[in-house]
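Reading through the structure tokens given below for one structure.
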Amino acid sequence: MGYRRPFGAHQRYFIRSGIEPKERLGCLLFSASAWALAERDKWIGWEKEDRSQRLHLIVNNSRFLIFPWVKVKNLASKALSLAARQVPLDWLDRYGFEPVLLETFVDAALYQGTCYQAANWIYVGETAGRGRMDRYKEYPSSPKRFTCIPFAPIFGTSSSGKRGGCEVSKVFKFTLPNRKSSFHTVAEEKEAAERLTEEKLKACLQILPGLLKQLERIPDPRDPKKVKHQITVLMLYGILMFVFQIASRRQANRALTTPPITGEP
């Protein structure tokens with residue numbers, strides 16, 4: 001499928017027949033969501049800050065293939081329906097939280113996306129025709145049909161009307177849409193998260209000197225000629241990402257350079 005390594009968090013599946021011999025019929029890949037989609041963000045009701053705080057709760061169905069020699073009626077829509085029930089459970093087990101929305105892109109020039117419609121996915125709108133990592137409009141591609149399926153209410157403006165050619169009903173205001181939030185507003189949740197982060201930072205500052213000494217005692221098994229970053233630094237990043245539930249090294253860099261860490265006013 002021309003796709004060797006997914007970006008960020010991901011989960012892979014094979015579609016197998018239910019009778020012996022249980023042959024492979026196809027495969028699916030779910031990975032991190034696209035960074036910015038105007039139609040999606042508008043449909044949910046996201047501002048830039050909301051998206052930066054909640055984007056990890058959206059998972060992208062980045063690859064879906066039924067093998068060309070397989071001819072089973074309704075197999076594609078059945079596989080999507082089963083995946084929609086299984087992905088939240090596996091994501092929770094692997095990454096510690098449940099996604100609340102699956103998204104995908106359908107190239108209308110090549111496919112109709114009928115299986116997604118049959119599996120109750122919602123058509124929202126068209127993309128701008130830019131690649132996943134294209135922030136500067138340097139690599140234009142063909143526009144895609146953006147389709148999604150929510151597992152829980154997603155915070156946005158209450159509405160009932162046609163958006164992007166699809167009837168949308170009861171898109172409620174909600175904070176953490178993973179069905180575990182006790183907060184009523186985004187501001188209330190943000191304040192609680194900041195208090196928790198501050199407590200973690202204080203604890204880290206107390207143990208950091210001793211922790212660095214212990215990390216320095218761990219031998220580096222890598223080839224010295226190929227070492228780009230010290231193993232102590234990499235392990236420290238890993239610990240910080242685990243403690244603060246940071247999804248990338250970029251976010252870890254921001255955490256390390258905030259005033260509570262650097263002592264800036």
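Quick notes on this structure:
- FRET efficiency estimate (nearest 0.05) - Cβ-Cβ, Gln112 to Lys22, R0 35 angstrom: 0.75
- Least to most buried among Phe64, Phe151, Phe30, Phe97 (fewest other Cβ within 10 Å first): Phe97, Phe151, Phe64, Phe30
- Radius of gyration and maximum dimension Dmax of region 190-245, Cα, Å: 14.3, 46
- Sorting Glu23, Glu189 by the number of Cβ atoms found within 10 Å of their own Cβ, with the fewest placed first, yields Glu23, Glu189.
- Sites Arg217 and Asp93 - FRET efficiency at Förster radius 22 Å, r taken between beta-carbons, to 0.05: 0.10
- Fewest-first ranking of Lys226, Lys22, Lys144, Lys200, using other Cβ atoms within 10 Å as the exposure measure: Lys226, Lys22, Lys200, Lys144
- On full extension, the segment bounded by Gln53 and Ser142 gains 29.2 nm, given 0.36 nm per residue less the C-alpha separation.
Every number in this text was worked out from the coordinates using simple rules, so none of it is lab data. From a predicted model like this one, the values you see are computed outputs, not experimental measurements. Glycine gets a Cβ as well: all are built from the backbone with ideal geometry, and neighbour counts include every protein chain shown.
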